[in-house]
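Engineer: Sending over a structure as structure tokens; questions will come in a sec.
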Amino acid sequence: MKRLLLIPLLLTACGATSTIDGVKTYAYAGGDHQEGRIAYKETHPVGGPHNAQWQNCGVYTQNLYPEYAVHSLEHGAVWVTYRPDLQLSEVLALTEALEGRTHTLLSPRREQTASIVMTAWNAQLELDQASDARVTAFLQKYEQAGTAPEAGASCSGAYRETQ
């Protein structure tokens, strides 16, 4: 009888963690559409003003304009970026982790110092390796999450250009 009582307790304990170690959070409101280049407070923007068009979700081999990518974040996308010198095997592992997901962007980003940066609206995580378990945890927590002002909005049919 004691054994049966322990199982629900263990399952509850496993599901209790809702934070991901290392995630930095911010407090930007959505809906601020602006034209042209935007000077962001963070080197890698996590929210704030953005272009009226969003970046089509998908895998890119060139830098993206942050003004469009931030709009995708507002729609509930997760933007995964990597340093251009990241090993191909790591880029392929990130591509595989995003496969089948509808609201993700993958692109290199010259301006970052971390190997990998995962960004959602008001949340960001820096990583050294694609094999880090926090890659999946971040995607599960933030893709199409209620933390994005317009979660559920389209992530296709808009801007597809790169820098």
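Engineer: Kindly write out, for segment 94-108 in residue order, the coupling ³J(HN,Hα) from the Karplus curve 6.51 cos²θ - 1.76 cosθ + 1.60 (θ = phi - 60°), rounded to whole Hz, with x marking Gly and Pro.
Structural biologist: These are the phi-based 3J(HN,Hα) values: 5, 4, 5, 5, 8, 4, x, 8, 8, 10, 9, 10, 10, 7, x Hz.
Engineer: If the elastic network links every pair of Cα atoms under 10 Å, which of Tyr65, Tyr142, Tyr82 fluctuates the most in the Gaussian network model of the chain?
Structural biologist: Tyr65
Engineer: In addition: By what distance, in whole Å, do the Cα atoms of segment 39-100 stretch along each of the three principal axes, largest value first?
Structural biologist: Sorted from largest, the Cα extents of segment 39-100 read 34, 25, 16 Å.
Engineer: So what's the projected area for segment 84-163, the Cα convex hull averaged over all directions, in nm²?
Structural biologist: On the way: hull surface 23.3 nm².
The orientation-averaged projected area of the Cα hull of segment 84-163 comes to 5.8 nm².
Engineer: Please arrange Leu127, Leu64 by counting, for each residue, the other beta carbons lying within 10 Å of its beta carbon, fewest first. Write down the numbers at each step before the final one.
Structural biologist: Numbers: Leu127 20, Leu64 23.
Ranking Leu127, Leu64 by Cβ neighbours within 10 Å, fewest first, gives Leu127, Leu64.
Engineer: Can you give the % of DSSP beta bridges in segment 55-149 that are antiparallel, to the nearest 5?
Structural biologist: Values: 9 of 16 bridges.
Roughly 55 percent of the beta bridges in segment 55-149 run antiparallel, per DSSP.
Engineer: Relative contact order for segment 38-91: what percent, with Cα pairs under 8 Å and sequence separation of 6 or more? Present the calculation step by step, with values, prior to reporting the outcome.
Structural biologist: Working: 41 pairs, mean separation 17.6, N = 54.
Normalised by residue count, the contact order of segment 38-91 is 33 percent.
Engineer: Scan around Val80 for amide H atoms under 5 Å from its own, H built in the peptide plane at 1.01 Å from N, and keep only partners 5 or more places away or cross-chain.
Structural biologist: Under 5 Å from the amide H of Val80 lie the amide H atoms of Leu105, Leu106, Ser107, Thr119, each far enough along the sequence or on another chain.
Engineer: Further question on the same structure: Treating only the Cα positions of the chain as identical point scatterers, give the base-10 log of I(q)/I(0) from the Debye formula at each q in 0.15, 0.20 Å⁻¹.
Structural biologist: -0.75, -1.29
Every number here is computed from the coordinates shown, using simple stated rules; none is lab data. Computed from a predicted structure; not experimentally measured. Positions of Cβ are backbone-derived with ideal geometry, glycine not excepted, and every protein chain shown enters the neighbour counts.
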